[in-house]
1. Take region 1-45 and flag every residue that is away from the ligand (no atom under 15 Å from the Cβ), touching a strand residue (DSSP E or B) at 6+ places or on another chain (Cβ under 8 Å) and assigned to a loop (DSSP other than H, G, I, E, B).
2. Scan region 113-166 for residues that are assigned to a loop (DSSP other than H, G, I, E, B), over 24 Å from residue 3 (Cβ atoms) and more than 16 Å from the ligand (Cβ to nearest atom) and jot them down.
3. Which one of these is away from the ligand (no atom under 14 Å from the Cβ), in contact with a helix residue (DSSP H, G or I) (Cβ under 8 Å, 6 or more places away or on another chain) and free of Cβ contacts under 8 Å to residues at least 60 places away in the same chain: 52, 81?
4. Considering every residue within region 95-103, establish whether at least one is surrounded by fewer than 19 Cβ atoms within 10 Å (Cβ to Cβ) and outside any loop (DSSP other than H, G, I, E, B).
5. Could you pull out the residue among 60, 106 that is closer than 20 Å to residue 40 by Cβ, more than 16 Å from the ligand (Cβ to nearest atom) and either outside any helix (DSSP H, G or I) or modelled with pLDDT under 95 (or both)?
Ligand SMILES: [Zn+2]
């Protein structure tokens, strides 16, 4: 299996995935925590030369799984206001999804191969980097620089749950849930 990585995002949209979101990410988590599959498969990003892949992480799409929380429309870091703040349920589902995908799609080391979009841009030293995910509306005490670590910690916890058989990724009609 290819050595993949995963980039976590918010969509900067409403609580529901729009057509652009469906093309841009492999999986989307709506405001209630339901998981929707995007247009492109994870495997489509193994080779990006054909132009048919999920374009979610500029400069880093090859072998990179993109998942996003549908939320944070019109948010900017300064005023911290949006009509669609990330919900706790959505965030849990997002972390559980990252864990599930890391186990099933070849991500051996979550500490180096799972990151937020903002962290990726920071590593690339882009001065005007992305702001997803530098703020968790339901946990404002967690500073921007700590969110990536919090995310990976939670992913690690969910990985154990999956490995112990305590969590499952299940299809429910047109969407998926982790129960
Ligand atoms: Zn992003």
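The values are calculated or read from the model by the stated rules, or taken from the named source; none is laboratory data. Predicted, not measured: the structure shown is a model, and the values here were computed from it. Ideal geometry is used to build each Cβ from the backbone, glycine not excepted, and the neighbour counts take in all protein chains shown.
1. Of everything in region 1-45, those that are away from the ligand (no atom under 15 Å from the Cβ), touching a strand residue (DSSP E or B) at 6+ places or on another chain (Cβ under 8 Å) and assigned to a loop (DSSP other than H, G, I, E, B) turn out to be 4, 30, 33, 34.
2. 127, 137, 138, 139, 140, 141, 142, 143, 164, 165, 166 - these are the residues of region 113-166 that are assigned to a loop (DSSP other than H, G, I, E, B), over 24 Å from residue 3 (Cβ atoms) and more than 16 Å from the ligand (Cβ to nearest atom).
3. Numbers: 81 fails: in contact with a helix residue (DSSP H, G or I) (Cβ under 8 Å, 6 or more places away or on another chain).
Within the list 52, 81, the selection yields 52.
4. Just the residues of region 95-103 that are surrounded by fewer than 19 Cβ atoms within 10 Å (Cβ to Cβ), to begin with: 103.
Among the residues that remain, those that are also outside any loop (DSSP other than H, G, I, E, B) are: 103.
Yes, the conditions are met somewhere in region 95-103.
5. Values: 60 fails: more than 16 Å from the ligand (Cβ to nearest atom).
Every option except 106 fails the conditions.
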